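Here is the structure we will look at.
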Amino acid sequence: MVVLVLGLPAAAVSTGMTAYEASMDTVRAQAAERHQVTARLTSDVKGDDWARRSAQVRWTDTHGVVRTGAALVEPGTPKGAAVRVWVNRDGTPTGPPASELNATTSGWLVGGMAAFGMAAGSGAAWAGVRLVLDRRRYAQWDAEWDVVEPRWSARFHP
């Protein structure tokens, strides 16, 4: 019980904070590496549903070089429309950087899994100890009954 009461919060908080800090390192690295540019679609984007679709776009980078690549855009966007595209330092289209919400969610999720794992491990240890002790107690009862039973059964036989 002590392990559960003291260990569960300690395990959950420490693993959650570790996961959060690791995720925040990723957030900071991606924020430093990625930026948005305005690009133009080189073709119409077909579709009338909600799912974003990959389409070819063209933009000019900070050095004046015209670049092309694929980016996810809203369906129904016409050719030549301006869209915002995330690119990395090399100018390759990429997804947006992770946010602090991603890091917070990761920390809570990992902390929750650690708490669940600690609770499940404590429950399994409790059940295992109980099983071992029950088997020992039943074996002792069987041994004692083997001694007492002949006396009891002799009372009822003429």
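If you go through segment 71-103 one residue at a time, how many are of a type in the set (A, V, I, L, M), surrounded by 13 or more Cβ atoms within 10 Å (Cβ to Cβ) and either in a helix (DSSP H, G or I) or touching a Gly at 6+ places or on another chain (Cβ under 7 Å) (or both)?
If we filter segment 71-103 for residues that are of a type in the set (A, V, I, L, M), which is where we start, we get 71-73, 81-83, 85, 87, 98, 101, 103.
In the following step, the residues that additionally are surrounded by 13 or more Cβ atoms within 10 Å (Cβ to Cβ) were identified as 71-73, 81, 83, 85, 87, 98, 103.
Keeping just the survivors that are either in a helix (DSSP H, G or I) or touching a Gly at 6+ places or on another chain (Cβ under 7 Å) (or both) gives 103.
Qualifying residue count for the region: 1.
For segment 29-70, what are the residues that are outside any strand (DSSP E or B), within 27 Å of the chain's Cα centre (by Cα) and not acidic (Asp, Glu)? Those that are outside any strand (DSSP E or B), within 27 Å of the chain's Cα centre (by Cα) and not acidic (Asp, Glu): Ala29, Gln30, Ala31, Ala32, Arg34, Trp50, Ala51, Arg52. If you go through segment 116-125 one residue at a time, do you hit one that is under 15 Å from the mean Cα position of the chain (by Cα) and either closer than 25 Å to Ala22 by Cβ or β-branched (Val, Ile, Thr) (or both)? Yes - at least one qualifying residue is present in segment 116-125. For segment 70-94, the set of residues classified as touching a strand residue (DSSP E or B) at 6+ places or on another chain (Cβ under 6 Å), in contact (Cβ under 8 Å) with a residue 24 or more places away in the chain and of a type in the set (Gly, Ala, Ser) consists of Ala71, Gly80, Ala81, Ala82, Gly91, listed by residue number.
Restricted to segment 37-57, and to residues there that are in contact with a Leu (Cβ under 8 Å, 6 or more places away or on another chain) and not hydrophobic (A, V, I, L, M, F, W, C), the residue that is surrounded by the fewest Cβ atoms within 10 Å (Cβ to Cβ) is Ser54. Kindly indicate the residue of segment 23-36 that is aliphatic (A, V, I, L, M) and free of Cβ contacts under 8 Å to residues at least 40 places away in the same chain and also surrounded by the most Cβ atoms within 10 Å (Cβ to Cβ) among those meeting that condition. So the residue we want is Ala29. Only one of the numbered conditions (1) touching a residue at least 24 places away in the same chain (Cβ under 8 Å); (2) surrounded by 14 or more Cβ atoms within 10 Å (Cβ to Cβ) is not met by Val65, and that is (2). On the given criteria, is Leu109 of a type in the set (A, V, I, L, M, F, W, C), within 30 Å of Pro9 (Cα to Cα) and in contact (Cβ under 8 Å) with a residue 60 or more places away in the chain? Considered against the rule, which asks whether it is of a type in the set (A, V, I, L, M, F, W, C), within 30 Å of Pro9 (Cα to Cα) and in contact (Cβ under 8 Å) with a residue 60 or more places away in the chain, Leu109 comes out as yes.
Kindly evaluate Ala12 against the criterion of being within 30 Å of Gly107 (Cβ to Cβ), free of Cβ contacts under 8 Å to residues at least 24 places away in the same chain and not in a loop (DSSP other than H, G, I, E, B). Give the steps one after another, and end with the answer.
Numbers: within 30 Å of Gly107 (Cβ to Cβ): yes; free of Cβ contacts under 8 Å to residues at least 24 places away in the same chain: no; not in a loop (DSSP other than H, G, I, E, B): yes.
Considered against the rule, which asks whether it is within 30 Å of Gly107 (Cβ to Cβ), free of Cβ contacts under 8 Å to residues at least 24 places away in the same chain and not in a loop (DSSP other than H, G, I, E, B), Ala12 comes out as no.
Just one of the listed residues (Ser122, Ser153) is of a type in the set (S, T, N, Q), assigned to a helix (DSSP H, G or I), closer than 30 Å to Thr15 by Cα and open to solvent by less than 90 Å² (accessible area, probe 1.4 Å), and it is Ser122.
The values are calculated or read from the model by the stated rules, or taken from the named source; none is laboratory data. Because the structure is predicted, anything quoted here is derived from the model rather than measured. Cβ atoms come from the backbone with ideal geometry, glycine included; neighbour counts cover every protein chain shown. Quick note on the areas: whole protein, heavy atoms, side chains included, nothing else; ligands and nucleic acids left out. Shrake-Rupley method; radii C 1.70, N 1.55, O 1.52, S 1.80 Å.
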